[in-house]
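**Student:** Handing you this structure, nothing more for now.
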Amino acid sequence: MDIPPLAGKIAALSLTALPVSYVLNLVSELSHPLGVVLTSILILVLLLVSVRSLSRGEISYDPLYAVFAVLAFTSVVDLLISLQEDGYVVGFMEFYTKGEPYLSTAHGVFICYWDGIVHYLLYLAMAGAIQKRKRYRNLGLYWLGSFVMSILTFLPGNILGKYSSEIRPAFFLTILYMLVPCWAGVRIFKQSQAPICYTPNMVQEEHRKSLLQRPVDLALVIYLILAGFFTLFRGLVVLDCPTDACFIYIYQYEPYLRDPVAYPKVQMLVYMFYVLPFYGLAIYALIFPGCSWLPDWALVFAGAIAQAQFSHMGASLHLRTAFTYRVPEDVWAPVFLCNLLYALSPHLLASRCLWRPTFFLKPQSPDLMAKHKKLN
């Protein structure tokens, strides 16, 4: 897959978040919750007008260009929030974090880092692909999973955690973000896939191989089974399972799962109710041929788990997490290794699907195979 070029116009426009944030922070009245909401809406409108005037051709070709432009701007804002909360910059986003105190949590800081770095680069790459009229379906699916996962954890965590009584009007702007992946996801899934250069005979031959004849797939199945057990175990841990193993794990290995901010608990429940079923379906698709849906959804879940594990692992070690809930130093290495291996599992699966997708292609009918043989 060719790497799309980065979009220069969007990059330049997104960097205007630096002076805008600095100027707005000087106006102390904006610390009022309603002022933050009105200012955010005004900036969004002005940004959309600017994008439309600068990139009419790209927007008419693909409306997601405007979405990526706006989200790139917000990514720079999120990066400023995380850098400010960690003390690397001052005087930019104090007026905003006063209205959204949950962004000052360790989890909030790390989702802002992820959005400000990984999502930002994805927006530039996808916008650059639109400018060059190239495909960006794989990047879009990875971003979609990452974006949705951040919302699925962050919003419920804000409502259920210790900051639930401090929700301000600006929080409802975040809820509007839920509409973005719905619309963008439909458009991305409808995009044409890269041309497949495999003959029906190659597909048929690959379908005849058993799991034992595909050692890479066999190793992936075992890997996913272990990841599934780890997913189920941590889900039971946050549900206060009374077994000794769960008690020992939550107090001696990952006490962050008890943090009253509720993000880690919500994250483990999202894993158990969404990721665990996907692992079961992926194992099925690795055993039985013709599951053409797996390559796309493997990319979606790879992005989702990458974002989730980055935020979870980072927050469990961050100084903003109370010492009682941080991973103990004597078990830091095995806990980090387990979480890292867990994050790698969907990426290995997605790599396998992109590397040799023949096994997942649907078998062709005898008529089509006969026609192909006649043409050749």
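**Student:** May I ask you to work out the translational diffusion coefficient for the stretch 206-323 at 10 °C, viscosity 1.306 mPa s, via Stokes-Einstein with Rh from the Kirkwood sum over Cα pairs, reported in whole µm²/s?
**Tutor:** Answer from the Stokes-Einstein relation: 100 µm²/s.
**Student:** Sticking with this one: Would you indicate which of [x] 1.43; [y] 1.05; [z] 1.01 is the value of Rg/Rh (Cα atoms, Kirkwood Rh) derived from the coordinates of this structure?
**Tutor:** Of the listed options [x] 1.43; [y] 1.05; [z] 1.01, [z] comes from this structure.
**Student:** If pairing requires two Cys Cβ atoms under 4.7 Å apart, which cysteines of the chain are left without a partner?
**Tutor:** Lacking a cysteine Cβ partner under 4.7 Å: Cys112, Cys182, Cys197, Cys291, Cys338, Cys353.
**Student:** Would you mind ranking Trp355, Trp332, Trp297 so that the residue whose beta carbon has the fewest other beta carbons within 10 Å leads the list?
**Tutor:** Ordered by Cβ neighbours within 10 Å, fewest first: Trp355, Trp332, Trp297.
**Student:** Quick one: net charge of Leu319's neighbours, Cβ under 15 Å, K/R +1, D/E -1?
**Tutor:** Surrounding charge for Leu319 is -2.
**Student:** Got a sec? Charge dipole of the chain, +1 on Cβ for Lys and Arg, -1 for Asp and Glu; which of Pro328, Phe92, Ile59 is way out at the positive end?
**Tutor:** So the residue furthest toward the plus end is Ile59.
**Student:** Among rounded, prolate and oblate, which fits the stretch 8-190 when a ≥ b ≥ c are the square roots of the eigenvalues of its C-alpha gyration tensor, a/c under 1.5 means rounded, and a/b larger than b/c means prolate?
**Tutor:** Prolate is the answer for the stretch 8-190, as a/c is 1.5 or above and a/b outweighs b/c.
**Student:** Return the Rg/Rh ratio of the stretch 214-262 with Cα-based radii and a Kirkwood Rh.
**Tutor:** Here Rg/Rh amounts to 1.16.
**Student:** Now a separate question. What is the calculated FRET efficiency for Thr16 to Ala194, with r their C-beta to C-beta distance and R₀ = 35 Å, to the nearest 0.05?
**Tutor:** It comes out at approximately 0.50.
**Student:** How far apart, in nm, are two points set 7 Å out from the Cα along the Cα-to-Cβ line at Leu211 and at Ile248?
**Tutor:** Reported label-point gap for Leu211 and Ile248 is 3.0 nm.
**Student:** Related question: Within 10 Å of each residue's Cβ, count the other Cβ atoms and sort Cys197, Cys241 from fewest upward.
**Tutor:** The most exposed by this proxy come first: Cys197, Cys241.
**Student:** Moving on to the next point. Taking the Cβ of each residue in Phe229, Phe95 as the centre, tally the other Cβ atoms inside 10 Å and list the residues starting with the fewest.
**Tutor:** Phe229, Phe95
**Student:** A follow-up question, please. What percent does the relative contact order of the stretch 8-190 come to when contacts are Cα pairs within less than 8 Å and at least six residues apart?
**Tutor:** 27 percent
**Student:** Hey, what's the Kirkwood Rh for the stretch 282-335 if you take every pair of different alpha carbons, in angstrom?
**Tutor:** 13.8 Å
Read-outs: derived from the displayed coordinates by stated rules, not from any lab. Just so it is clear, the structure is predicted and the values come from calculations on it, not from any experiment. In this analysis, Cβ positions are derived from the backbone assuming ideal geometry, glycine residues included, and neighbour counts consider all displayed protein chains.
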